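One structure below.
Just so you know, all these numbers are worked out from the coordinates, no wet-lab data involved. Note that the structure is predicted; figures quoted are calculated from it, not measured. Every residue, glycine as well, gets a Cβ built from its backbone with ideal geometry; the counts of neighbours run over all protein chains shown.
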Amino acid sequence: MKNPKYIFVVGGVMSSVGKGVTNSSIGLLLQARGYKVTAVKADAYINVDAGTMNPTEHGEVFVTEDGDETDQDIGNYERFLDENIYSVNYMTTGRVYLDVINRERNLEYKGKCVEVVPHIPENIIKRIKDAQKKSQADIVVIEIGGTVGEYQNILFLEAARMMKIKHPNDVAFVLVSFLPVPSTVGEMKTKPTQHAVRLLNETGIQPDFIVCRAESVLDKKRRHKLALFCSVPGDHVIPAPDVTHIYAVPAILEKEQLSSKLLQVLKLRPKKVTLSKNRFLQMNKLVQTIQTVKKTVTIGIVGKYFNTGDFVLADSYLSVIEALKHAAWHQRHQVKLIWIDSEEYEKDKRRLSELKKTDGVLIPGGFGKRGVAGKIMAIEYVREHQIPYFGLCYGMQLAAVEIARHLAKLPGANTVEIEEHPEHPIIFVNPHQQKNIAQKHYGGTMRLGAYDCKLVNNTKARKAYGKQLIKERHRHRYEFNNAYLAPLAKAGLIVSGINPQQNLVEIMELKNHPWFVGTQFHPEFLSRPLNPHPLFIGFLKAAIKHKN
């Protein structure tokens, strides 16, 4: 396209209002109108990437195909758009400042006085345009993290304002704002959103649309009030009530003809799209399935990144949860999740019997010593009781330790992540990582991104994928120690996937078990609602069979 278009999605009133899902939904709707779309996330953190953030504080880290550690919203973009989103599509305040400072040190500003404005916003604009060029997108949908009125995101808003001034017909703004209903009042309030619009106006930006997030549908009276006091056309005030599943959001927005109205603002016309390529219609079919299936399958997630105050933070494992849902819907089931804090088993071993209530158990990725003993106890229990098990990254490594201790009769087996010099280092440091650890170079230095994996014939993994060579995304520093392949093989361990370039174990299985599979990589990052990951499908099939 001669003049690419840009849509900025910003938040009002509070965080977690649904900007990421709105951003993703807008992208999906514009795809269905025949345009190539990509999505960008701008995070206000000084962190250079999301990899050094605590999962219970920030939520999970999503890893891109090219090895960037990003915010979980990038995962939402990939799941909705069904396209890979690359590192160029993700920026943080820290990443922007670091780039500007490095360029200044390299004299790339030719001796100019480098200032916060305009040089920081100009760097942001360059990144947005680089993302457009890499994907050759007609339309770029940019989510600015945080909430309007915060000091942290003011420079991203300034960049958006500068783009609007330079390209008035190519830039649109969508404010996603929350309309509370105080329990003591029982009435939906528009005033917080009015204030959010005024705060946005103070940055020089006028929203073209207001997406009104609330527990119920916005009524005509309040819609008229927002239009009047926020200087937005009445039909550009878009109701967005709570829904059970995020994949229903595109239909909610399109009910208000949002895609047509966005195209009008951007001076574009819809293009013809064949039914077979219209992912909006396909998503609607999936939503119908979600709403009609009644059967359930119960999966226990054994982890430790749960508690934040008195609340359980499911965002720590968002991609895992979504991948489980995708696979369950594919089998016409709803997945019922049971959150299990592994530290509770360390306090009381009798509680392990609660795992009998599950149809399958999954241990996701993680780091550090805390809760590991409880995870190994859970793995032993499900192995002995023939309960389907799926271990991801750390979940695979701890399964190898459990097999080594209890089946291969190596009681001193451990991972060097927990014990520096175990008698049997079943899991050891990737040789390429030793220097990083010694020098405390932690940020962005793990084995990251997509790597090849060659599957072994006549294994569960090979059967699930239906092909021999695959690519999967990684995020770890430790590997299976090949010196222990023989004793663990005698104990019943099958290595079913190998990285051919470095001869690293990628997938392992256990003989004589309905489903005991561990992956060194993170398959959840490649699961999409319309295309569930084959290993998650295999796990859910085994869990459903176990239930029946």
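Points to keep in mind about this one:
- DSSP-assigned coil residues among trypsin sites (Lys or Arg not before Pro) in region 83-170, each with at most 15 further Cβ atoms within 10 Å: 110, 112
- Cα gyration tensor category, rounded, prolate or oblate, for region 220-356 with a/c compared to 1.5: prolate
- Taking every DSSP beta bridge that has both ends in the chain, the antiparallel portion is near 35%.
- Gain on full stretching of the segment that runs from residue 545 to residue 331 - 0.36 nm per residue minus C-alpha separation: 75.9 nm
- When GluC sites (Glu not before Pro) are flagged only if DSSP places them in a loop and at most 10 other Cβ atoms lie within 10 Å, the longest unflagged stretch of the chain comes out as 188-419.
- Sorted by Cβ density within 10 Å, fewest first, the residues 276, 177: 276, 177
- Each Lys and Arg contributes +1 and each Asp and Glu -1, all at the Cβ; summed about the Cα centre of region 5-285, the dipole is approximately 1380 debye.
- The Cβ shell under 9 Å around residue 212 holds other residues with a net charge of +3, Lys and Arg each +1, Asp and Glu each -1.
- Here, P(r) means the percent of Cα pairs in each 20 Å bin from 0 to the largest distance; for the chain it is 21, 51, 26, 2.
- Share, in percent, of DSSP beta bridges within region 5-285 that are antiparallel, nearest 5: 5
- Three-way shape label, region 169-292, alpha-carbon gyration tensor, a/c 1.5: oblate
- The ranking of 522, 333, 195 from fewest to most other beta carbons within 10 Å of each one's beta carbon is 195, 333, 522.
- Percentage, to the nearest whole number, of Cα pairs in region 5-285 over 34 Å apart: 17
- Inter-label distance, residue 409 to residue 216: 6.9 nm, where each label sits 7 Å from its Cα along the C-beta direction.
- Only one residue of 51, 491, 142 has its Cα farthest out toward the positive end of the dipole of the chain, where Lys and Arg carry +1 and Asp and Glu -1 on Cβ, and that residue is 142.
- Positive-pole candidate from 106, 326, 395, dipole of the chain, charges at beta carbon: 326
- Taking a ≥ b ≥ c as the square roots of the eigenvalues of the Cα gyration tensor, region 86-245 is prolate, since a/c reaches 1.5 or more and a/b is larger than b/c.
- Check: region 128-208 dipole with +1 on Lys, Arg Cβ and -1 on Asp, Glu Cβ, in debye: 120
- Viscosity 0.890 mPa s, temperature 25 °C, Stokes-Einstein D of region 97-138 from Kirkwood C-alpha radius, µm²/s: 219
- Assuming charge only on the beta carbon of Lys and Arg (+1) and of Asp and Glu (-1), the dipole of region 472-520 about its Cα centre is about 80 debye to the nearest 20.
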